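Chemist: Below are the structure tokens for one structure; questions will follow.
Just so you know, all these numbers are worked out from the coordinates, no wet-lab data involved. Not measured: the values here are computed from a predicted model. Note: ideal-geometry Cβ built from the backbone for every residue, glycine included; neighbour counts use all protein chains shown.
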């Protein structure tokens, strides 16, 4: 393969990442500098991800451990790959390293979403638990109000909707964090994107469920006070 063809191949490989607008390198040295810079960008992002995990107070111990493992593995792997790139002697070797940088780590497409989706899922799981306690307390309050002869028809309707919202939240939360954490990097970007979108959609749905459940809880309290 000629130099021009090799450079085209390198450009195609790196175009699948956020740095796709980077200019084509015109020599081995330029190709190495470009790939090293892109690795450095990924390492910087992973450091930010580590900080997010460290500061996420609602993460379960299991999920924190898994995320720490993913991030440490990728930081070490990309650091080693950076050294490898710097020692390469051919454009073909740099091209292969650039492909490895993308396919073997998927920092932007997968790891970042794994961090954010898992944190969000654990936050929502904690909120769901809090609302479950509120549901039990409100159910008891409605029963007591009914026994006291008060009209609790509207409050019961809100309680039923709250139950529906909490059940939906629980269903969508089930396994979503573990599922996204189990996704591995690789060349099939479409499959990874689909898995991330599915998990993200579930988390968004749960957020809506919990918002509605909280609104129901507030409405029930107001109705009981009014009665």
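Chemist: Based on the inverse mean of 1/r over its pairs of different Cα atoms, what is the Kirkwood hydrodynamic radius of segment 96-227, in Å? Please list the in-between numbers first.
Modeler: Numbers: mean 1/r = 0.0596 Å⁻¹.
It works out to 16.8 Å.
Chemist: What do you get for Rg/Rh over the chain if you use C-alpha atoms and the Kirkwood form of Rh?
Modeler: We get a ratio of 1.22 for the chain.
Chemist: Going by average Cβ density within 10 Å per residue, which order do the peptides 58-70, 137-149 take, highest to lowest?
Modeler: Taking the mean over residues of other Cβ atoms within 10 Å, the ranking is 58-70, 137-149.
Chemist: Counting only helical runs of four or more DSSP H residues, what would the 222 nm mean residue ellipticity of the chain come to if each run contributes -39,500 (n - 2.57) and the total is spread over all its residues?
Modeler: Mean residue ellipticity at 222 nm (helix-derived): -27500 deg cm²/dmol.
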